[in-house]
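Okay, so here's the structure we're looking at.
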Amino acid sequence: AMLDPDSGLSLTIARIVQRLKGSSLHSQLERQARVSLHKPEIKLESLKEDIKDFLKTSGWEKKLQNAVYSELNVFPSPCHPAAPPEHMKEPLAYMRKAQGSWEKRILKSLNSMCTELSIPLAQKRPVSEQKELLNKWNEMGTDEPDLSLFRPVYAPKDFLEVLMNLRNPNYENGEQPSFRNHLGLIQVPLKVKDIPELKEDFSELGLNIGQLGIDDSAQVPPVLDNFINFGSLKLYQFITCFLTVLAEQDSAAAQQYVRQGCPTALRADLWALILNISNQPEDILYYEQLKSNVIQHDLLVDSLIYKDVKLTASNDDYYFVFEDYLYQVLLCFSRDTSVLEHFTYSSATPPKSYIRGKLGMEEYAVFYPPNVNYNSFILSVAPLCFLYHEPSKLYQIFREMYVRFFFRLHSISSHPSGIVSLCLLFETLLQTHLPQLFYHLREIGAQPLRISFKWMVRAFSGYLATDQLLLLWDRILGYNSLEILAVLAAAVFAFRAVNLMEVTSLAAAE
């Protein structure tokens, strides 16, 4: 009652309450409170306080805190109540427009593929085919369908081309001296951080602070007594710390600690805690429903997923063993309507298709499919297969990583973790700190962003060895931001600067 109804805080609280009301956590809390009424320590005269104490001691309060923390991490702060709803998606009109036309282009590409191959976007599978798919659910990789006619919806370089052509109409004629000397490929004026700001934000990555998985000796002995002799006291302290965090089930603390890396054996549990994924019976049931949807309906995108997995994972030394997992997760993901929720805070809008013969009639519109950029998905699921071996848990972790982070790499927005800002941050860091290298590469037609774009758009998956990639993703989770990707990309150029000064072509630079 003390809060000003227009203040951002009260809006945030109202929204979180609203969102949690519909969740299973809400009904579980109600059930627990009812159960507690039969306990002798609950007195009628102090009912409210006693129930609160019971929920605290029985661990339910912590679950509620984690759920609230998760909401705060995912959803942006509410806009001013008078702001139009699309501002929550993306405040800059020219960004919204660019994203809209990019979506149209993708949908057109999908639709023309349907027409050329005369395949519907979706159809029910014949019963015999359903049975067959169910039987080989765990070994889909053995199939060799002919997919030569299917082509990728788009390649990273097509997307980069679109980002290079972005312009802010208000800047066209204006003289903006500070921005005019940006010589990179990205020509939109967004505010990105400079080195002092990055140093402050990523203070735990300072050179004087130990980083787990990097500074500790690789030969950690199995017996804890030997830790001390190896000078691995730091690692011992780290592990003790992490075990405490896991015992207390505290999402916020876990997020803080993984900023310095994560012990390999505890990573799966810590990430699940940060992402607030507990794999309850209802989550497993939800995954099973998605699976039955895959078995009953055949979507055009299934063939695209199939083809991409064959091209990407099957040829990868690390990931080919997970081929079946990848099919399962991606086929279910393409049918998961709960993913549509992230469109409330994404600059993107889900693609719509109309039931045949009902074009343009809204009541016959279906969202199809929730997501389109399969190629990058595969590489963002594959590393998680090293951590999670139970399909429904693997699925939930991937979905949460997607709606928190990865969708920002495939949509046009002004968000600091969006791909446009990452490209600009990368170019600005390089131009400011390695101007000679930047000019040299630009002169020989090897704009640095042409090389680093595909690393960033895939969050370095497929470019770093898995153990290194997981250390990088620890930081994405720890800082709840993708900015580290641009910093790493610039660091790779700095690391190779001497050799790059010698090259004379894009191919040599690559």
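The values are calculated or read from the model by the stated rules, or taken from the named source; none is laboratory data. Just so you know, these numbers come straight off a predicted model, no measurement behind them. FYI the Cβ positions are ideal-geometry reconstructions off the backbone, even for glycines, and counts take in every protein chain you see. Accessible surface areas use protein heavy atoms only, side chains included; no ligands, DNA or RNA. Shrake-Rupley method; radii C 1.70, N 1.55, O 1.52, S 1.80 Å.
For the reader, a short list of remarks on this structure follows.
- The lone exception for Leu121 - which of (1) touching a Leu at 6+ places or on another chain (Cβ under 8 Å); (2) modelled with pLDDT of 80 or more it fails: (2)
- Answer from Leu304, Leu266, Leu330 - the residue that is more than 22 Å from Pro126 (Cα to Cα), touching a helix residue (DSSP H, G or I) at 6+ places or on another chain (Cβ under 6 Å) and surrounded by 15 or more Cβ atoms within 10 Å (Cβ to Cβ): Leu266
- Within the range 492-510, the set of residues being in a loop (DSSP other than H, G, I, E, B) and of a type in the set (S, T, N, Q) comprises Thr504, Ser505.
- Residue within the range 393-410 that is of a type in the set (A, V, I, L, M, F, W, C) and over 15 Å from the mean Cα position of the chain (by Cα) present: no
- Of all the criteria given as (1) touching a residue at least 24 places away in the same chain (Cβ under 8 Å); (2) closer than 27 Å to Gly418 by Cα, the one not satisfied by Pro350 is (1).
- Hits in the range 111-126 - residues which are open to solvent by less than 30 Å² (accessible area, probe 1.4 Å) and among the aliphatic types (A, V, I, L, M): Met113
- Counting only helices (runs of 4 or more DSSP H) wholly contained in the range 14-110, the ones carrying 1 or more residues that are closer than 22 Å to Phe405 by Cα occupy 60-74, 86-89.
- Some residue of the range 432-454 being under 30 Å from Phe75 (Cβ atoms) and modelled with pLDDT under 95: yes
- Residue check for Ser101: without any contact (Cβ under 8 Å) to a residue 24 or more places away in the chain, under 21 Å from Gly418 (Cβ atoms) and either loosely packed, with under 15 Cβ neighbours inside 10 Å or not aliphatic (A, V, I, L, M) (or both): yes
- Residues that are open to solvent by less than 20 Å² (accessible area, probe 1.4 Å), free of Cβ contacts under 8 Å to residues at least 60 places away in the same chain and more than 15 Å from the chain's Cα centre (by Cα) do not occur anywhere in the range 464-475.
- Each residue in the range 233-263 was checked for being of a type in the set (Ser, Thr, Tyr), in contact (Cβ under 8 Å) with a residue 40 or more places away in the chain and exposed (fewer than 15 other Cβ atoms within 10 Å of the Cβ), and 0 of them qualify.
Here's the yes/no breakdown for (1) modelled with pLDDT under 55; (2) more than 26 Å from Ala465 (Cβ to Cβ); (3) assigned to a loop (DSSP other than H, G, I, E, B):
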residue	(1), (2), (3)
Asp215	no, no, yes
Pro222	yes, no, yes
Ile239	no, no, no
Leu243	no, yes, no
Leu246	no, yes, no
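Per-residue answers, yes or no, for (1) acidic (Asp, Glu); (2) open to solvent by less than 60 Å² (accessible area, probe 1.4 Å); (3) at pLDDT below 85; (4) in contact with a Ser or Thr (Cβ under 8 Å, 6 or more places away or on another chain):
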| residue | (1), (2), (3), (4) |
| --- | --- |
| Ser77 | no, no, yes, yes |
| Pro81 | no, no, yes, no |
| Ala93 | no, no, no, no |
| Ser109 | no, yes, yes, no |
| Ser128 | no, no, no, no |
| Trp137 | no, yes, no, no |
| Leu147 | no, yes, yes, yes |
| Phe150 | no, yes, yes, yes |
| Asp158 | yes, yes, no, no |
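- From the options Arg496, Arg458, residue that is surrounded by 13 or more Cβ atoms within 10 Å (Cβ to Cβ), over 18 Å from Ile214 (Cβ atoms), basic (Lys, Arg) and free of Cβ contacts under 8 Å to residues at least 12 places away in the same chain: Arg496
- Residue list for the range 175-195, restricted to those being at pLDDT 65 or above and among the basic types (Lys, Arg): Lys191, Lys193
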